[in-house]
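Student: Let me give you the structure first, and then I'll get to my questions.
Read-outs throughout are calculated quantities, based only on the coordinates presented, and are distinct from any laboratory measurement. These numbers come from a predicted model, not from an experiment. Heads up, the Cβs are rebuilt from the backbone with ideal geometry, glycines too, and the neighbour counts pull from every protein chain shown.
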Amino acid sequence: MTASIVIPAYNASRTISLVLTALTKQDCTDFEVIVVDDASSDDTSALAESFSDRLNLKVHRVEENLGRARIRNFGIEKASGEVVLLLDSDIETIPTYVSTHLALHGREPRAVGVGALRYPPHLSQRALAKYYTSRGGAKLREGEPLPGKAFVSCLASFRRSVFDEIGGFHDGFRIYGGEDLELGLKFQKSGSALTYLPSAVGYHHHLRSLKEVMDTLEQYGEHGIPQVLDLHPDFAREMRLDDLKSNAINLKRIVRSLTSLPIIFRPLLEIASVFQSGNLPSPLLTYLIYRSYRWGYSRYLRSIR
């Protein structure tokens, strides 16, 4: 079984060497690595090409920034392997990472594997790092089915044939968020077996501040979520956004509206930001995240009325 590791990269000069060094230490070697430089302004391509003597490596550079979805599709089009592993340009994998994914695909032809996100020691004690590593697949046991909404491309693998069958990433997604969720829902609806692989660990060497994350999630709510819901309108209820299009007034909607107000949200975000280097209650982070993308989606709805 042949494999291609596709790494989209944008201004990744600080981390791309770390990522590729980890791939030289894998316990299997039957894979190619494809780095796709999404019009970086730094020396990402040159640093990647310096690994040509240690990896079966191809570096492709595009001159116009394609965005998150199109650059992944572009890289996968260049892949020759039966199995594609997607990896972000700031994630350092453990030596058994590739072989763990390939073992899954050897057992299950329609499998979609999702590895375990971790953080290096200098980031792992931050509140958001603890929160992220406790969500999604982290709640499951090895091999348990993963819901499509928990799919993340940065640690994912799938057969190229299955990816092509469902149409790949939707080209409309350019900014953060939406492209992973939409692809995960398509995998789920196609009958693919999304599987969490807790032993396929990748260490993420980047973590935004709490305020940066909330700003990004507002943008996701305004621009990414509308695209997802246009393609999968049934998912609005699961995201707890269906009430925003309704004229009905009920207690749940009133509570959600009141708790979304800046007069409540901003002080809580300020307090949480002070303590973000340590522990924060998970319900508080869940509230901040939900309110941010809900606020962004509300802004989108107001813009089309």
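Student: Go through region 67-73 residue by residue and turn each phi into a ³J(HN,Hα) via Karplus (6.51, -1.76, 1.60, θ = phi - 60°); whole Hz please, and just put x for glycine and proline.
Tutor: x, 5, 7, 5, 5, 5, 4
Student: Here's another thing I want to ask about it. With contacts defined as alpha carbon pairs under 8 Å and 6 or more residues apart, what's the relative contact order of the chain in percent?
Tutor: Computed value for the chain: 20 percent relative contact order.
Student: Starting from the alpha-carbon convex hull of region 238-294, give the projected area averaged over all orientations, in nm².
Tutor: Averaged projected hull area, Cα only: 4.4 nm².
Student: How far, in degrees from 0 to 90, does helix 262-274 lean away from the longest principal axis of the Cα atoms of the chain, to the nearest 10?
Tutor: For helix 262-274, the angle is close to 40 degrees.
Student: Right, next: With 10 angstrom as the radius, rank Ser13, Ser134 by how many other C-beta atoms surround their C-beta, starting from the fewest.
Tutor: Ordered from fewest to most neighbouring Cβ atoms within 10 Å, Ser13, Ser134 come out as Ser134, Ser13.
Student: Here is a follow-up. Using all C-alpha to C-alpha distances in region 187-250, build P(r) with 10 Å bins and read off the rounded percent in each one.
Tutor: 15, 29, 37, 17, 2
Student: Now a separate question. Calculate the FRET efficiency for Ile166 and Ile264 from the Cβ-Cβ distance with a Förster distance of 25 Å, rounded to the nearest 0.05.
Tutor: Numbers: r = 40 Å, r/R0 = 1.61.
Here the calculated transfer efficiency is 0.05.
Student: Go through region 14-30 residue by residue and turn each phi into a ³J(HN,Hα) via Karplus (6.51, -1.76, 1.60, θ = phi - 60°); whole Hz please, and just put x for glycine and proline.
Tutor: Ordered by residue, 3J(HN,Hα) equals 6, 10, 4, 5, 4, 5, 6, 4, 4, 6, 6, 9, 5, 7, 10, 10, 7 Hz.
Student: Could you list Ser157, Ser40, Ser303 in order of exposure, starting from the residue whose Cβ has the fewest other Cβ atoms within 10 Å?
Tutor: Numbers: Ser157 28, Ser40 19, Ser303 9.
Listed from fewest to most nearby Cβ atoms, that is Ser303, Ser40, Ser157.
Student: Note the angle between two axes, namely the Cα long axis of helix 251-260 and the longest principal axis of the Cα atoms of the chain, as a number of degrees from 0 to 90, rounded to the nearest 10.
Tutor: 70 degrees
Student: Neighbouring Cβ atoms within 10 Å as the yardstick, rank Arg118, Arg135, Arg174 fewest first.
Tutor: Arg135, Arg174, Arg118
Student: Which value in Å does the Kirkwood hydrodynamic radius of the chain take, with 1/r averaged over all unlike C-alpha pairs and then inverted?
Tutor: The Cα-based Kirkwood calculation yields 20.2 Å.
Student: Then there is this: May I ask you to evaluate 6.51 cos²θ - 1.76 cosθ + 1.60, the Karplus curve with θ = phi - 60°, for each residue of region 79-95 and list the ³J(HN,Hα) values in order in whole Hz, giving x for glycine and proline?
Tutor: 6, 10, x, 5, 10, 10, 10, 8, 9, 7, 7, 10, 10, 9, 9, 7, x
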